[in-house]
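J.: Could you have a look at this structure, given as structure tokens, before my questions?
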Amino acid sequence: SVYGDRAKRVAVFTGDGQGGAAESFADWTYDAQIEADPTTLWLVVAGQNCGRPPAPDFASEAFCQRAVAWNSAAGGFEFAPVETVRMIE
């Protein structure tokens with residue numbers, strides 16, 4: 001869970017198959033939600049992470065939900081394409 005009125009760091013870890021884990025994604029978010037079917041982590045982000053230019057002030061900022069997806073070539077998680085964001089109105 002993410003609590004508070006400011007962005008918080010969120011990290012995703014993946015198991016190494018030997019009882020350990022390594023950080024495979026980290027970024028800043030205003031909220032996080034796991035959707036069950038298919039299992040998807042959605043982060044509330046703003047501005048450029050939503051495909052929008054930075055706003056002149058926080059009150060004018062654009063917010064969206066953006067999925068985190070596995071990238072097998074990179075061996076870690078990354079943001080899903082910006083075309084898949086869910087804008088928050």
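J.: Compute a Gaussian network model of the chain, connecting alpha carbons closer than 10 Å, and tell me which residue from 51, 76, 17 fluctuates the most.
T.: 17
J.: Follow-up. Once the dipole of the chain is set up with Lys and Arg at +1 and Asp and Glu at -1 on Cβ about the Cα centre, which of 55, 68, 25 lies farthest towards its positive end?
T.: Toward the positive end, the furthest listed residue is 55.
J.: For residue 85, enumerate residues with amide H under 5 Å from its amide H, sequence gap 5+ or separate chain, H modeled in the peptide plane.
T.: Long-range HN contacts for residue 85: none found.
J.: Just the number please: accessible area per residue for the chain, 1.4 Å probe, all protein chains included, in Å². Don't skip to the answer; put the middle values down first.
T.: Details: 5930 Å² over 89 residues.
Heavy-atom SASA per residue in the chain reads 67 Å².
J.: Given a Förster distance of 25 Å, report the FRET efficiency between residue 37 and residue 6 from their Cβ-Cβ distance, rounded to the nearest 0.05.
T.: The calculated FRET efficiency here is 0.20.
J.: Can you bin every Cα-Cα distance in the stretch 1-82 into 10 Å intervals starting at zero and give me the percent of pairs per bin, rounded to whole numbers?
T.: 16, 45, 29, 8, 1
J.: How large is ³J(HN,Hα) for each residue in the stretch 45-59, as worked out from phi by the Karplus curve 6.51 cos²θ - 1.76 cosθ + 1.60 (θ = phi - 60°), to whole Hz, x for Gly and Pro?
T.: With the stated coefficients, the stretch 45-59 comes to 10, 9, x, 4, 5, 9, x, 10, x, x, 7, x, 8, 4, 5 Hz.
J.: With every protein chain in place, what's the accessible area of residue 86 (1.4 Å probe, Å², nearest 10)?
T.: 90
J.: Rounding to the nearest 20 debye, state how big the charge dipole of the chain is about its Cα centre with +1 on each Lys and Arg Cβ and -1 on each Asp and Glu Cβ. Don't skip to the end; give the middle numbers.
T.: On the way: 6 positive and 12 negative charges, 24 e Å.
Its charge dipole is roughly 120 debye.
The values are calculated or read from the model by the stated rules, or taken from the named source; none is laboratory data. Note that the coordinates shown come from a computational prediction; the quantities given were computed from them, not determined experimentally. Methodologically, a virtual Cβ is constructed for each residue, glycine included, from the backbone with ideal geometry; neighbour enumeration extends over all protein chains shown. Accessible surface areas use protein heavy atoms only, side chains included; no ligands, DNA or RNA. Shrake-Rupley method; radii C 1.70, N 1.55, O 1.52, S 1.80 Å.
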